[in-house]
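What follows is a single structure, written as structure tokens, with notes after it.
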Amino acid sequence: MADSAREGILQRDKETYAIVPKTPMGILNPEILEKVAAVAKKYNIPIVKITSAQRLALVGIKKDDVEKVWEDLGLEVGYPVGACLHYVQSCPGTAVCKLGQRDSLAMAQKLDDLLSNTALPAKTKVGVSGCPLNCGEGFVRDIGLFGKKDNGWTVIVGGNSGLNARIGNVLAENLSDEEAFDLIKSFAEYYNANAKSRERLYRFVPRIGIDEIKKALSI
Ligand code: SF4
């Protein structure tokens, strides 16, 4: 998986490749920006795109340059393909947003660390928000969370924003940071054990039924 993602994605022109470095929650810093700018100039990369997943795509790289770009960047691969965690997007939450009620960035980083090292049967996208306004789009992600100051986290599963758009189902509410983390860990294990090959959560959740999933997870 790591190797194929590192090889890049062949583009429409059938000649050049796109790569996606890992930038969890879309957080950048001067060092990352300087590296991206340097490789874009050095290798004449025509497009640097901020994707809907809060990631950077470097597009239009010549095949022979792909590995050299990775070496110059020194960043992890962002896994834009395959059965694994693709990304955890997050709103800024209490770090900066005046409406924030929970620390969405901290929760998103913990979930990124967890799910990056968890076996998953299909592409999985996660959205975390620091208040019920849901700027992190968790209702239309495979797994979503949003926080409330006094009532903790709400966990949502089975949403999708693509061709098969679906609003996710609420799995549990009023969870502490630890309870939400532990539930998502258990849910991911349950999903991996019971899903068909490559079965996305927007198909898995309605097939099994949210009540059955709750029962299996003792909710
Ligand atoms: S979801 Fe709430 S906390 Fe997050 S950016 Fe939107 S308004 Fe702010």
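The values are calculated or read from the model by the stated rules, or taken from the named source; none is laboratory data. None of these values were measured; they are calculated from a predicted model. All Cβ positions, glycine included, derive from the backbone under ideal geometry; neighbour counts span all protein chains shown.
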Residue check for LYS62: among the charged types (D, E, K, R), under 21 Å from the mean Cα position of the chain (by Cα) and not assigned by TED's automatic domain parsing to the domain that holds VAL126: no
Check on LEU120, in contact (Cβ under 8 Å) with a residue 40 or more places away in the chain and part of a loop (DSSP other than H, G, I, E, B): yes
Answer residue from region 41-59, given it is under 25 Å from the mean Cα position of the chain (by Cα) and farther than 14 Å from THR16 by Cα and is modelled with the highest pLDDT among those: LYS49
Residues of region 75-106 satisfying the condition of being under 18 Å from LYS125 (Cβ atoms) and more than 16 Å from the ligand (Cβ to nearest atom): GLU76, VAL77, GLY78, TYR79, PRO80, VAL81, GLY82, ALA83, CYS84, LEU85, HIS86, TYR87
Cβ-Cβ under 7 Å pairs, at least 6 apart or on other chains, region 92-115 side of a type in the set (Asp, Glu), far side within 13 Å of the ligand (Cβ to nearest atom): ASP103/GLY93; ASP103/THR94; ASP103/ALA95; ASP103/GLY130
